[in-house]
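Q: Supplied in structure tokens, the structure appears directly below.
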Amino acid sequence: MARDPLTNGSADALPKAKPAFLRRVRIRGYKSIEFCDVTLEPLTILVGRNASGKSNFLDALGFLSDLMEMRIPEAVSRHGGWRSIKSRFENIDLIEIMVESQFESIGSPWSANYSLSMESTIKNEVKIRSEILELREVETGRECGFNVSGGKVTWTGEEHFENDSEWTSTVDVAELASSDKLDDPRFMKHQSSRLFLSVSGTLPFCEFSEGLRSSRVYNFQPQSIRNHQPINSESILARDGSNIAHIMDEIKTIDNSSFRRVRDYLASVVPGVSDCLRKVYGDSETIAFVVEQQQGQLVFDASSMSDGTLRTLAALLAANQIILPLEYPGFIAIEEPETSLHPAATRALVDALDEATMRTQILLTTHSADILDNPTILPENIRVVRMIEGRTVIAPVDEASVSIVRQNLNTLGELERQDRLEPDADDLERQRSIFRNGVGQS
């Protein structure tokens, strides 16, 4: 864990990272990803050259998150349309996303296995082929879930655990909108244009779905942050960071200690910045920075600040935002957070994002060795991304590199500079075997 700028405590004095919300992700047929089966840590960094497919992996997770809050056609359109997101490989004519997750529900840990299969019809409409959720309460072993396929929904297990009896119930999707089902929380009104998980309204189903819904993939745009924005009530930071002023004000109001943490980390990344403020101009708002100079404090609008400063503040706010009622997102993914930062400042930013794993899972992409120079980053935090024969492959660091780092013969950063970080060949073969034998196999 990183050093805490608020307490100057050592890493050993800090709590451990929160368990990863996404423990494992399988993707088939999404953009350049023919198939991947990737485990994730509380802090995971996808390392690879430009155009290797790092962003496509995060985009698939962002697509799943969008499916939780909007209709299927809208989510497909947001990500460029079916032809854009569907893999170009001829032997794949569908998209599958599977996740293994861990989360809390009423103070108890749960595990979730969720899989989603989508395809396009002859009328060019995207539909759900199957949607399966299996939930398990870790301490008791009790299970519940559903299976949507062939126009039917099958519920299994004890949804509320109000008694010890198990049950199984199957109904047609069309029946879920009938009047006699509307009062039963198991059978909320369902539309074929929505994921079933997105409308399941009881515990622990909704806590898992909300974890996905509140998660975000960020690609911050400094110019969008500089522009004055209409005052809004959005509770989640926009993907480009544009509503940064509103989110900062929310964090300050809900938990001022989290805001102080953001402010102090910003000062360690950008020396001279002592505070940041929300400025309101009529019906619009922006962010301003208090900068310490020899002649005293000066206040600068976002329009006067560097790209690196704006991206840094956006990354810190993304990792520390509070989303009620869950408190924190399931995961936060940030594209190349080191962009426009001096290498010396990158270490402080990585420390801040590592410290944020006490609250939420953090996923990063980079092609910069500077991020890997931070001693906080270990080989287990790295997933190497390569483009091989037009296909994106993702795997842990190869054993030879791990051994070199463990023996202090070289660092992860130097190995990356020398282009010697490679994906583990045995793991890639394991993934190929799963793909050959059927994605549903372990």
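The values are calculated or read from the model by the stated rules, or taken from the named source; none is laboratory data. Every value quoted in this text rests on a predicted model; they were computed, and no experiment measured them. Virtual Cβ from ideal backbone geometry, glycine too; neighbours counted across all protein chains shown.
Q: Against the definition (closer than 25 Å to E335 by Cα, surrounded by 15 or more Cβ atoms within 10 Å (Cβ to Cβ), among the polar types (S, T, N, Q) and within 23 Å of the chain's Cα centre (by Cα)), how does T286 come out, yes or no?
A: Considered against the rule, which asks whether it is closer than 25 Å to E335 by Cα, surrounded by 15 or more Cβ atoms within 10 Å (Cβ to Cβ), among the polar types (S, T, N, Q) and within 23 Å of the chain's Cα centre (by Cα), T286 comes out as no.
Q: Next question. Out of the residues in the stretch 83-129 that are hydroxyl-bearing (S, T, Y) and either at pLDDT 95 or above or touching a Gly at 6+ places or on another chain (Cβ under 6 Å) (or both), which is nearest to G145 (Cα to Cα)?
A: Filtering first and then ranking leaves Y114.
Q: Restricting the stretch 248-293 to residues that are in a strand (DSSP E or B) and hydroxyl-bearing (S, T, Y), which is farthest from T339 (Cα to Cα)?
A: Y281
Q: Which condition does L298 not pass, out of (1) assigned to a strand (DSSP E or B); (2) buried (at least 16 other Cβ atoms within 10 Å of the Cβ), if it passes all the others?
A: (2)
Q: May I ask you to list pairs of residues, at least six apart or on different chains, whose Cβ atoms are under 6 Å apart, with the first in the stretch 72-87 being over 19 Å from C36 (Cβ atoms) and assigned by TED's automatic domain parsing to the domain that holds V393 and the second being charged (D, E, K, R) and surrounded by 13 or more Cβ atoms within 10 Å (Cβ to Cβ)?
A: A75/D66; R78/D66
Q: E338 fails exactly one of the following numbered conditions: (1) of a type outside the set (G, A, S); (2) under 17 Å from A369 (Cβ atoms); (3) in a helix (DSSP H, G or I). What is the number of that condition?
A: So the condition that E338 fails would be (3).
Q: Right, something else. Restricting to the stretch 97-122, and then to whatever is of a type in the set (V, I, T) and in a loop (DSSP other than H, G, I, E, B), can you tell me which residue is nearest to P204 (Cα to Cα)?
A: Per the stated criteria, the residue is I106.
Q: Right, another one. Looking only at the stretch 315-341, filter to residues that are in contact with a Gly (Cβ under 7 Å, 6 or more places away or on another chain) and either buried (at least 19 other Cβ atoms within 10 Å of the Cβ) or not small (G, A, S) (or both); which one of those is farthest from N219 (Cα to Cα)?
A: Restricting to residues being in contact with a Gly (Cβ under 7 Å, 6 or more places away or on another chain) and either buried (at least 19 other Cβ atoms within 10 Å of the Cβ) or not small (G, A, S) (or both), the top hit is L326.
Q: Okay, moving on. If I ask for residues that are farther than 12 Å from V126 by Cβ, modelled with pLDDT of 95 or more and surrounded by fewer than 18 Cβ atoms within 10 Å (Cβ to Cβ), which ones from the stretch 49-79 would you list?
A: R78
Q: Can you list the helices (runs of 4 or more DSSP H) lying wholly within the stretch 361-421 that have 1 or more residues being basic (K, R)?
A: 399-406, 412-417
Q: Considering only residues that are in contact (Cβ under 8 Å) with a residue 60 or more places away in the chain and either over 20 Å from V38 (Cβ atoms) or among the β-branched types (V, I, T) (or both), look in the stretch 89-108 and name the one that is surrounded by the fewest Cβ atoms within 10 Å (Cβ to Cβ).
A: Selected residue: I106.
Q: Give me the pairs, please: first residue somewhere in the stretch 213-241 and at positive phi and in the same structural domain as L313 (by TED's automatic domain parsing), second residue anywhere and in a loop (DSSP other than H, G, I, E, B) and of a type in the set (F, W, Y), beta-carbon distance under 8 Å, and either six or more positions apart or on two chains.
A: Every condition considered, the pairs that remain are G241/F220.
Q: For the stretch 55-71, name all the residues that are more than 19 Å from L22 (Cα to Cα) and touching a residue at least 12 places away in the same chain (Cβ under 8 Å).
A: R71
Q: Now for a different question. Of the residues that make up the stretch 428-440, is at least one under 24 Å from S117 (Cβ atoms), assigned to a strand (DSSP E or B) and in contact with a Cys (Cβ under 8 Å, 6 or more places away or on another chain)?
A: Looking through the stretch 428-440, none of the residues is under 24 Å from S117 (Cβ atoms), assigned to a strand (DSSP E or B) and in contact with a Cys (Cβ under 8 Å, 6 or more places away or on another chain).
Q: Condition first: surrounded by fewer than 23 Cβ atoms within 10 Å (Cβ to Cβ), of a type in the set (A, V, I, L, M) and under 19 Å from the mean Cα position of the chain (by Cα). Can you find one or more residues in the stretch 345-365 that meet it?
A: Yes.
Q: Okay, next question. Please verify whether the stretch 361-384 includes one or more residues that are in contact with a Lys or Arg (Cβ under 8 Å, 6 or more places away or on another chain) and more than 21 Å from R417 (Cβ to Cβ).
A: yes
Q: Can you tell me which residue in the stretch 116-139 is farthest from V199 (Cα to Cα), limited to those that are of a type in the set (S, T, Y) and either surrounded by 14 or more Cβ atoms within 10 Å (Cβ to Cβ) or not assigned by TED's automatic domain parsing to the domain that holds I27 (or both)?
A: Here the residue is S120.
Q: Still on this model: Please tell me if T312 is assigned to a strand (DSSP E or B) and buried (at least 24 other Cβ atoms within 10 Å of the Cβ).
A: no
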